[in-house]
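Only one structure is covered here, and it is reproduced in the block below.
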Amino acid sequence: HVTTWGAGTPATAPAPDATAPTAAVLDLPAESDPTFAVRWAGADEPGGSGVASYDVYVSTDGGPFVPWLAGTALTAAPFAGQAGRRYAFFAVARDRAGNVEPAGTTAEAATAVPAAGVSGTLFHDLNANGLRDADEPGLSR
């Protein structure tokens, strides 16, 4: 701490914050629905200025990481994925003193959205009305 002198009364100001904060994306399940929550957390050193914002990056199917959210104060957000794709994430923290965590190059969390399956009943649409009528048999395998 640094002691400063003002209107006749000494005041103590905090020492300058010169240390970058840290952040990490929290674990994700191996598989997720197409829209899933991504959560992250960060911390600054004790007595530091505190985390001000995060940049969150995403990689799709092992491709390069690209910015998803920039300068956000949020610590969670819904991500809209697509069936049959894999997603990986990492976060970078910035503190109130302007220190920025060095950007990573590897995923802190990853998940996959399974390919959409076919469901329903197969049948022979004899009258081409798009409905299964009582006289239209189901198809067997």
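The values are calculated or read from the model by the stated rules, or taken from the named source; none is laboratory data. In this text the structure is predicted, and so the values were computed from the model without any measurement. For neighbour counting, all protein chains shown are included, and Cβ atoms are generated from backbone atoms with ideal geometry for every residue, glycine included. Just the protein is used for accessible areas: all its heavy atoms, side chains included, with ligands, DNA and RNA removed. Shrake-Rupley method; radii C 1.70, N 1.55, O 1.52, S 1.80 Å.
Is at least one residue of the range 7-18 on the phi > 0 side of the Ramachandran plot, at pLDDT below 95 and assigned to a loop (DSSP other than H, G, I, E, B)?
yes
Name the pairs whose Cβ atoms lie under 7 Å apart, with the first residue in the range 35-57 and of a type in the set (Lys, Arg), the second at pLDDT 95 or above and open to solvent by less than 50 Å² (accessible area, probe 1.4 Å), and 6 or more positions between them or separate chains?
39/76
Name, by its number, the condition in (1) more than 12 Å from residue 25 (Cα to Cα); (2) in contact (Cβ under 8 Å) with a residue 12 or more places away in the chain that does not hold for residue 109.
(1)
What's the number of the only condition in (1) touching a residue at least 12 places away in the same chain (Cβ under 8 Å); (2) farther than 24 Å from residue 22 by Cα; (3) open to solvent by 50 Å² or more (accessible area, probe 1.4 Å) that residue 128 fails to meet?
Tallying (1) touching a residue at least 12 places away in the same chain (Cβ under 8 Å); (2) farther than 24 Å from residue 22 by Cα; (3) open to solvent by 50 Å² or more (accessible area, probe 1.4 Å), residue 128 fails exactly one: (1).
Take the range 107-125 and flag every residue that is surrounded by fewer than 11 Cβ atoms within 10 Å (Cβ to Cβ) and modelled with pLDDT of 75 or more.
115, 116
Among all residue pairs at least 6 apart or on different chains, which show Cβ distances below 6 Å where the first residue, located in the range 69-86, is of a type in the set (Lys, Arg) and the second is open to solvent by less than 80 Å² (accessible area, probe 1.4 Å) and assigned to a strand (DSSP E or B)?
85/60; 85/113; 86/112
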